[in-house]
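Note sheet for the following structure.
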Amino acid sequence: MKKLFLISLILMMPMFAQASGGPSIKLDTMEADASDKSSLQRGMQTYVNYCLGCHTAQYQRYIRAAEDLHIPEDLVMEHLIFSDQKIGDQMTSAMDPKLAAQWFGATPPDLTNEINLRGTDWVYTYLRSFYADESRPYGVNNVVYPAVGMPNVLADLQGIQTKTCGEVTQLDDHGAAVIDSLTGEAITEQSCELLSVAEGSGTMTPAQFDAAMYDLTNFMAYMSKPYKSDSQRIGLWAILFCLMMTVLFYFLKKEFWRDVH
Ligand code: HEC
């Protein structure tokens, strides 16, 4: 029993490691919806227009996306493939990784599996958290990923956000101020807030931009689990099948045992 307890404790260790890592930043919630095909289509359009130039999605083929997202192949060829790539090709970019590392200080990673790595909440919040910071080479920084090498490629849609920081009173779980037991004064903490952009500085309103980033994150979630909508559909039929068989076997059992009693 003791051994079993030890083994399960060791197996749980990576969980604790994850829980304690990194600074705590409040992430906005994003629930991916693999069944919302039009959201996925819009997300793919944003991806090829704004991201593919730097970030490959090399485990995703155009043709598989066309089938899964119900986009006719000729429309994919016309509107979603800008290079001389073919419909059966993987979604790669023409950027030389060595040059990219020189320009941005880091190679833009492949994003096919990004959601498995970071989760939807992280990516959704990251994409909406760029703000002006003149101390950075490209004039922008990111709340979720401080000192990020990625330029704010979405600035023409969103406009440029600014960040303001100030001291706020720390609150406990019940919303009451936390009092320092030595000084008797309320404890304060640094809190930063992103100020939304000046009206008209981006082509989208904040609500439109959030919706576009939802769709983009949704598409990235699809890429990291392309079988999800299939498995949900098949899973439902499998459960129905099991239920039907349970009823059938119940009556069969009754029939078999009738003569025994
Ligand atoms: C001009 C090139 C460029 C474009 C375009 C670009 N990125 Fe990036 N991106 C980068 C670089 C460089 C990094 C690595 C940053 C670092 O490690 O400091 C990065 C990092 C990221 C990360 C974090 C990766 C990680 O987990 O460490 C995500 C997520 C991301 N980009 C998403 C996107 C999305 C979505 C788009 C399209 C809207 C996009 N990027 C467009 C250059 C780019």
TODO: Taking only the stretch 83-118 into account, find how many residues are closer than 26 Å to residue 138 by Cα and either assigned to a helix (DSSP H, G or I) or of a type outside the set (S, T, N, Q) (or both).
DONE: 21
- [ ] Give the residues of the stretch 71-109 that are closer than 15 Å to residue 56 by Cβ and away from the ligand (no atom under 16 Å from the Cβ), sorted by residue number.
- [x] 81, 85, 89, 90
Open item on the list: Which residue is farthest from the ligand (Cβ to nearest atom), if the candidates are limited to the stretch 154-175 and must be surrounded by fewer than 19 Cβ atoms within 10 Å (Cβ to Cβ), within 24 Å of the chain's Cα centre (by Cα) and of a type outside the set (Gly, Ala, Ser)?
Closed with: 162
Task: Test: residue 39 is more than 10 Å from the ligand (Cβ to nearest atom), among the small types (Gly, Ala, Ser) and without any contact (Cβ under 8 Å) to a residue 24 or more places away in the chain - done: no
Task: Selection from the stretch 112-126 of residues that are under 19 Å from residue 44 (Cβ atoms) and either at pLDDT below 95 or more than 6 Å from the ligand (Cβ to nearest atom) (or both) - done: 112, 113, 115, 116, 120, 124
Open item on the list: Out of the residues in the stretch 130-153 meeting the condition of being in a strand (DSSP E or B) and more than 10 Å from the ligand (Cβ to nearest atom), tell me which one is surrounded by the fewest Cβ atoms within 10 Å (Cβ to Cβ).
Closed with: 132
TODO: Out of 188, 183, report the one residue that is among the polar types (S, T, N, Q), touching an Asp or Glu at 6+ places or on another chain (Cβ under 6 Å) and modelled with pLDDT of 85 or more.
DONE: 188
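The values are calculated or read from the model by the stated rules, or taken from the named source; none is laboratory data. All values reported here derive from a predicted model rather than from experimental measurement. Methodologically, a virtual Cβ is constructed for each residue, glycine included, from the backbone with ideal geometry; neighbour enumeration extends over all protein chains shown.
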